[in-house]
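What follows is a short report on a single structure.
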Amino acid sequence: MARPLPLLRSGDTPPGLLDRLLRLRWTLIIALTLVAAIGVVLLYSAAGGKMAPWASTQIQRFAVALVILLIAALAPIRFWLRASVPVYLFAVALLVANALLGTGAGAERWIGVAGFKIQPSEIMKIALVMVLARYYHWQRHEDIGRLHLLILPVILIGIPAALVLKQPDLGTAVILCAIGAAIMFLSGVKLWKFGVVAAAVAGAIPVVWNLLHGYQRQRILTFLDPETDPLGTGYHVIQSVIALGSGGLWGKGFLGGTQIHLNFLPENHTDFIFPILAEEFGFMGGLVLVLLYAFIIAVSLGIGARCRTQYARLTVYGITTTFFLYVFINMAMVMGMLPVVGVPLPLVSYGGTSMLSLMFGFGVILSAHADRNEWISRFADEE
Amino acid sequence: MSALKDIDQQRTFARRAAMLVGGQILLGGALLWRMFDLQVRNAEKYAVLSEENRINTHILIPPRGRILDRFGVPIAINQEDYRVLIVPEQVRNLAQILSRVASVVEITDEDRARISRNRRRRRRFQPLVLKTGLTWEQVAKLEINAPDLAGLRIERGLSRNYPYDAVAHVLGYVGPVTDRDKRPGRDPMFDLPEFRIGKAGLERTYDQLLRGSSGTKVVEINASGRVQRELRRKPGTAGADVTSTLDIGLQAYLAGRIAKEKAAAAVVVDILTGDVLAMASTPGYEPNAFVQGISPKTWRSLRTNPLGPLTNKAISGTYAPGSTFKMLVALAGLDSGLIKPHTGFVCPGHFSLGSARFHCWRRGGHGVVSLHNGIKQSCDVYFYNVAHRIGIQRIHDMAVRLGLGARTGIDLPRENTGLIPTAAWKKKYVRDRWYPGETVVAGIGQGYVLTTPLQLAVMSARLATGKAVTPRMVRKEDAGLPDFSSMGINPRHLAAVQKAMSGVTNEPGGTAFWTRIVEKQFAMAGKTGTSQVRRITRAERARGVIRNKDLPWERRDHALFVAFAPVDNPRYAVSVIVEHGGSGSRAAAPVAKDILLTAQKRRSATVGPTGPAGGSGTKTGGKGERRG
C-alpha cells in the first residue's frame, strides 16, 4: 500500500516530481512489466525462437510505453481532466482521417503517422473513457435522472462507434459502446434506461444483420458452430482450442508447441498469442498470466475506489474496465467462447498502438492514485 | 457542490462499482473455468487432436522378393521407376495438372478414365496414380514445369519387371489390389495404390512370401502438409526371394520351340526330384503389361481370345490323352493278371462289340499283335481288347496310381483335375449307366478321359521310375532328393511297358522311329498320341477318313507325345501337346525330341555326363557355370 500523502489544498505547492515519482504505485508498474515480459517471451517463441521480428520491437515499444506511462503518471489528474476533451477530439480526428485517407484495400484500421502505423480505435478506447468521465464529473448527481442529459454522452459514444463500424470493425464498435455504457452505469444512470437500450439493440439485430459484411456474418455463424467450416473461418478457433487443450496442465515446454510451430495456428503473434502460452506452458502458464491480469485489475479498482473526485473514479474504473474487456474478449475468443472480433491480448499481443494507449491509460490511473485525495470542482477551475 | 451531494455521488458510484466488479469476477471465473475445462479436464482429447494434426503415418511397402530360376538367374525382378500421383483433396485444378503432365508424358484416354473412376471410388486423401514408369528425365521436366501444382506428387518406386516373356504363364504377374483381395485384417499396404499382389502363377502361389510385410514411417507435418522431419521408422520385412525349379535356358528354348504352333503346351519334369524344369503354353502374353494394370480393352481381348493366351494349358488345359494312355491300360491289364506280356490279339482293323464297330487307326489292321507291338505300333484294337477284358474300374485305378484324374499338387494356381471316368462317376454326373463301348474307347484314351499335359509328364516320370514322382515349381531349402514312394507296380510289368516305349522310338516300325534321338546316351523312350476331337461317321469311314490337313484347324486331331530320357537311366520326363496338330508322331514327337535333347545336352554341358542333373537339390550351378 502507498504511504498516505498529506492532504493537499489548493494553493499548496505540489510536491516535487521526484517525490511524486517515488510515491507511484510501483507494484502496478512491475505487474504491467511482467505481463509485457511474458509477451516478449511468447513473441520470441512465435518467431520460432528468434528475437526478430517481433520480440525485439516489442521491447522497444514497451520502453517507449513505459516512458509515456510515467509522464502521464507525473502529470496531475487535474491536467488529464482538462485534457480529456482535446484528447477525445484528437482521437475522433484520427478516426475521421483514417476513414478519409483509407486506401480502400479493406480492413482499414491503421493510419500512417510520421512513419508509424497507428490504430486510432485503440486510442479512442482510452479517450472515450476520459471524455465521458469528464462529462459525468461536470454533471450534477441530482440531474442524473434527466433524460436530455443523456443526449451528449450518447453522441460522444456514437460518433467513434459509427466511425469504427465504417472501417468496418464490428468488434471494436461494440467494445466502445460497452465502455461508454460502463461509465454511464457507474455514474448512476438508471438501470431501466439500459434495459430500454438493450431492447432497442435486440430489435435492431435483424436490421443490422442485413447491413453486416458477409465475412462478419460468417464469423458470427462460425462462432456459433466452428465445426461447420473447419478449413475456413472456423479453422482459427478449432486450431486455437486444440492448441490450448493439448497444452494440458504443464504444457509442451518452451518452443515445444506443435500447433504453433507447425503453423496450424497462424497469426499467433497478434490476436492468437494466448494459445502459445497455453500450449507451451499449459494451464499453469495461462493461470499465471490470468492472475497477473487479475492483480492489475484489482489494484486499479482499489485505486479508483479511493479517489475523491468523480473524474478520477470514473476514469480509473473506465480504463480498468477497458483493460478487462480486452483480456476477457481476447481470451474468450481464443477459447471459442466469443466470435473472432480482432481484439489483442493487452500488453502481450504484438501491436504498438494498443500497448501505448493502455500504458498511457495506466499512467492516468497512477496519476489519479497520486492525486487521489485532491478534490476538483465541476468546472475544474482554480478556486 | 455540497459535501452531502458528493457523498451521495460516491455512494452511487460504490454501489455501481461493486456491481461492475461482480460482473467482471463472474466473467473472469467463466474464463478460468473454460481454461480448466480445456486444459485439464479435456487435455487428453486435445492432445490426441494435436497429434493427429501433426503426425502422419506413411506405410512403407517392402521390396517384393525376386523369383529366381534354379541357377539363381532372376526371372522376376524389381525395377526402379518414377510415378506421378495426385492427392484428390489437395487438387484445385485437375485439368491443369493433367495438361501439364501430358506435356511431359503421354496420358491416354484410358488413363483419364481410370483417374476419374478412381477419383469417385477412393477416399479423397488417398493418392491416385496418374502415370507410372516415368524416367528421371521426364520427372525433371515435370518438376520444372509444375512445381506449384497443388496435389501433385512424384514418387520413386519399384515396379515389377519380367525379363523373360518365355516364363509368362509360370511366373504369372502382379497387379493392383482389387476390392476382392481386401479382407479385414490385411496388411495396411493393401490400401496403397502402388501396392501390387500376385494375380497368377508363382507370383500368386507365393505371394505371401514374396510380398513381405509393410513397415511404417511416422513423420511430423506442418499445416500445409509438408513433412518436417521423420519421427520414427519401423522397417517392414522385405519379401523373400523364391527359387523356382525352372531352368530359364531350357524354358526359353521350350517356349521358343512351341511358339511356332498356334496353340500348344509342353512340360519337362526332372524324374528324380519332380522339379519342373520347363513349362510353357502357347500363345502367351506380355506379363509386364499387367504390372501397372492393363486396359480393359486389352484385358477383354486376352480373355475372349479362343486360343486362351492367359491360360497355362500345361496345367489348366485338358485333353483326351489318346494313345499316350495305352501304357497305362497295358499296366492295368498286367496288374490284373488278365493279360500277360505275351498275350496276343488279332487286329483285323476293327473291334466289334455287339453291333458297334471300333476302328484301328490302320485300316488294314496289324494282324497278330503282342503287348510290345501294341504299344510300339499303337494298335487300337489290341487295347480295345484289353480294356474290354479288364473293365473301366481297373483302368481308372491304374490311372489314379499314375497321377491322372486328380491334381498333381503342383504349386501353381488353377490346376485342373482332368477326368478318369468310372461307372459310379457317370451315374452321378451324367445320370446314365456305363456302356461297355465306353470302356473300349477309354482303352485308347478317348471318350470321357481327360488329362492335363503336366499329368501326362508326371505319368511318364512314374512309368520311367515306378515311383510316385510328384511335380513341384519351387524347391524346399536344403531338402535333398525327395524320397518318392514306390507305386507298388510289378517291376517286370513296368519293364515290359518301358521296353515297349523304347520300341516306339528306337525300333523300326515304332510310330516315332523317325524322330528318335540318334545319340545313344541321349536316347528317349516315348509314346505318340493322336486324340480325336470329332466323331467319324460310318459314312465318312466308308468314303475314307478325311485327312487332317483337309479339315478346318479346330476339327483336326490333337497331337500328343510323352517321353522320358535317357532310356537306360531316365532323368527327364516330357509331355507335349500340339492342339489340332494332326498326328502325334509328326507334330508332337519332334518337339519332345528337341526338348529332351536340349535338356540332356544342357546337363552334360553344366555338370558333365555322370554328375547329377543341374542343381538337383544341391548347391551346384550358378550363373557362370550355367553359361559355361
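Only one of the listed residues (A:ILE365, A:ILE329) is within 12 Å of chain B (Cβ to nearest Cβ) and either over 9 Å from the mean Cα position of the chain (by Cα) or of a type outside the set (A, V, I, L, M, F, W, C) (or both). That residue is A:ILE329.
Here is a yes/no grid of residues against (1) part of a helix (DSSP H, G or I); (2) aliphatic (A, V, I, L, M); (3) closer than 30 Å to A:ALA243 by Cα; (4) at pLDDT below 95:
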position	(1), (2), (3), (4)
A:LEU34	yes, yes, yes, no
A:GLY48	no, no, yes, yes
A:LEU69	yes, yes, no, no
A:ARG78	yes, no, no, yes
A:ALA83	yes, yes, no, yes
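Of all residues in region A:250-295, those that are farther than 21 Å from A:ILE30 by Cβ, touching a Gly at 6+ places or on another chain (Cβ under 8 Å) and touching a residue at least 60 places away in the same chain (Cβ under 8 Å) total 9.
Exactly one residue out of A:LEU156, A:LEU165, A:LEU186 is open to solvent by 10 Å² or more (accessible area, probe 1.4 Å), assigned to a helix (DSSP H, G or I) and either within 14 Å of chain B (Cβ to nearest Cβ) or without any contact (Cβ under 8 Å) to a residue 40 or more places away in the chain (or both), and it is A:LEU165. Only one entry in A:VAL348, A:VAL290, A:VAL334 is farther than 30 Å from B:GLN228 by Cβ and β-branched (Val, Ile, Thr), namely A:VAL290. Do you know which residues across region B:15-39 are over 60 Å from the mean Cα position of the chain (by Cα) and at the interface with chain A (Cβ under 7 Å from one of its Cβ atoms)? Result: B:ARG16, B:ALA17, B:LEU20, B:VAL21, B:GLN24, B:LEU27, B:GLY28, B:LEU31, B:LEU32, B:ARG34, B:MET35, B:PHE36. Screening B:ARG54 on (1) open to solvent by less than 30 Å² (accessible area, probe 1.4 Å); (2) of a type outside the set (Ser, Thr, Tyr); (3) over 30 Å from A:THR321 (Cβ atoms) shows it passes everything except condition (1). Among the residues examined, A:ARG61 does not qualify as in contact with a Pro (Cβ under 9 Å, 6 or more places away or on another chain) and either farther than 18 Å from A:GLY257 by Cβ or assigned to a helix (DSSP H, G or I) (or both). Is it fair to say B:THR408 is within 30 Å of B:SER486 (Cβ to Cβ) and touching a Pro at 6+ places or on another chain (Cβ under 6 Å)? For B:THR408, the condition - within 30 Å of B:SER486 (Cβ to Cβ) and touching a Pro at 6+ places or on another chain (Cβ under 6 Å) - is met. Between B:GLY584, B:GLY544, the distinction of being in the same structural domain as B:SER531 (by TED's automatic domain parsing), modelled with pLDDT under 90 and surrounded by 24 or more Cβ atoms within 10 Å (Cβ to Cβ) belongs to B:GLY584 only.
With the structure loaded, tell me whether A:LEU101 is of a type in the set (A, V, I, L, M) and at pLDDT below 90 or whether it fails that test.
Yes, satisfied.
Residue-level check: of (1) among the hydroxyl-bearing types (Ser, Thr, Tyr); (2) part of a helix (DSSP H, G or I); (3) more than 8 Å from chain B (Cβ to nearest Cβ), A:THR321 misses just (3). Taking B:CYS347, is it buried (at least 21 other Cβ atoms within 10 Å of the Cβ) and over 43 Å from the mean Cα position of the chain (by Cα)? Spelling it out, B:CYS347 is indeed buried (at least 21 other Cβ atoms within 10 Å of the Cβ) and over 43 Å from the mean Cα position of the chain (by Cα). Within region B:427-439, does at least one residue satisfy the condition of being under 23 Å from the mean Cα position of the chain (by Cα), within 22 Å of B:CYS379 (Cα to Cα), assigned by TED's automatic domain parsing to the domain that holds B:VAL329 and not aromatic (Phe, Trp, Tyr)? Within region B:427-439 (the criterion being under 23 Å from the mean Cα position of the chain (by Cα), within 22 Å of B:CYS379 (Cα to Cα), assigned by TED's automatic domain parsing to the domain that holds B:VAL329 and not aromatic (Phe, Trp, Tyr)), the answer is no, since none of the residues qualifies.
Taken over region A:46-89, the criterion of being over 19 Å from the mean Cα position of the chain (by Cα) and of a type in the set (Phe, Trp, Tyr) is satisfied by A:TRP54, A:PHE79.
The values are calculated or read from the model by the stated rules, or taken from the named source; none is laboratory data. For clarity, every value in this text was computed on a predicted model and none was experimentally measured. Ideal geometry is used to build each Cβ from the backbone, glycine not excepted, and the neighbour counts take in all protein chains shown. Each accessible area value is taken on the protein alone, full model and side chains, heavy atoms only, with ligands, DNA and RNA left out. Shrake-Rupley method; radii C 1.70, N 1.55, O 1.52, S 1.80 Å.
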